[in-house]
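Data first, discussion second: the structure below is written as structure tokens.
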Amino acid sequence: MKPTTRGTLAAVITGVAAAVGATAAPAAALGTVPVPVPLDGAEKALSLELPVIGGEVPMLMPGLPDQPRYVEGRLIPEPVIPQVPLDGALPGASLRAPLPHVLGDGFDHVAVGVPVADLRTLSPGLTLDAPLTAPNPDNYGLPAVQLPQAGVLAPVLQTVPGADLGMGPGL
């Protein structure tokens with residue numbers, strides 16, 4: 001391998017390592033992982049401006065489920081299967097593409113941005129009630145018969161997504 005090839009290869013590896021190292025630290029702090037789409041090589045090979053594309057992928061963080069608790073008059077704790085909270089974010093994306101003066105001299109690009117939106121969810125849960133009541137002192141300490149009951153705790157999804165669309169000078 002020629003020395004110039006080795007030098008070029010070392011420079012590329014160093015640049016990639018620096019780029020990965022620069023993006024890894026902030027991603028862990030924010031809860032999202034940035035995903036750039038590198039089009040620089042294709043841009044230079046084709047000698048034209050290509051769009052700048054990037055995204056962010058969330059890292060979901062499970063929380064602690066509610067503890068089953070005793071409810072007076074029921075034999076089975078409530079809820080039988082607790083809801084588990086998950087906190088994270090919706091994925092974000094950005095696209096910035098060149099626009100060759102279609103709308104006049106002041107407009108050189110069009111941009112679409114979908115920022116990361118906070119996301120709060122709760123998994124489904126289950127509640128049950130036994131076909132027997134609690135021991136009844138009026139009935140010599142024996143439980144009474146009742147219809148069994150089952151309920152599903154509905155899942156919850158809360159978020160406020162948004163998007164930005166713009167045009168302006170420069171890329």
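The values are calculated or read from the model by the stated rules, or taken from the named source; none is laboratory data. Predicted model, so just to flag it, every value in this text is computed and none were measured. Note that we place each Cβ from the backbone using ideal geometry, even for glycine, and neighbour counts take in every protein chain shown.
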Exercise. Answer yes if at least one residue in segment 134-157 is assigned to a strand (DSSP E or B) and within 30 Å of L95 (Cβ to Cβ), and no otherwise.
Key: yes
Practice problem: Scan segment 125-171 residue by residue and report those that are acidic (D, E) and over 13 Å from I76 (Cβ atoms). | Solution: D138, D164
Quiz item: Does G15 meet the test of being exposed (fewer than 15 other Cβ atoms within 10 Å of the Cβ), at pLDDT below 80 and within 30 Å of L147 (Cα to Cα)?
Solution: no
Quiz item: Can you tell me which residue in segment 35-75 is surrounded by the fewest Cβ atoms within 10 Å (Cβ to Cβ), limited to those that are of a type in the set (D, E, K, R), touching a strand residue (DSSP E or B) at 6+ places or on another chain (Cβ under 9 Å) and under 30 Å from V110 (Cα atoms)?
Solution: E49
Quiz item: When the residues of segment 116-133 are filtered to those that are under 29 Å from the mean Cα position of the chain (by Cα) and part of a loop (DSSP other than H, G, I, E, B), which remaining residue is farthest from G92 (Cα to Cα)?
Solution: P124
Quiz item: Which residues, taken from segment 47-91, are without any contact (Cβ under 8 Å) to a residue 60 or more places away in the chain, closer than 18 Å to V156 by Cα and assigned to a strand (DSSP E or B)?
Solution: M61, P62, I81, P85, L86, D87, G88, A89
Quiz item: Restricting attention to segment 153-171, and to residues there that are among the aliphatic types (A, V, I, L, M) and out of contact with any Ser or Thr (no Cβ under 8 Å at 6 or more places or on another chain), which single residue is farthest from L119 (Cα to Cα)?
Solution: L171
Quiz item: From the residues in segment 158-171 that are outside any loop (DSSP other than H, G, I, E, B) and small (G, A, S), which one is farthest from D87 (Cα to Cα)?
Solution: G168
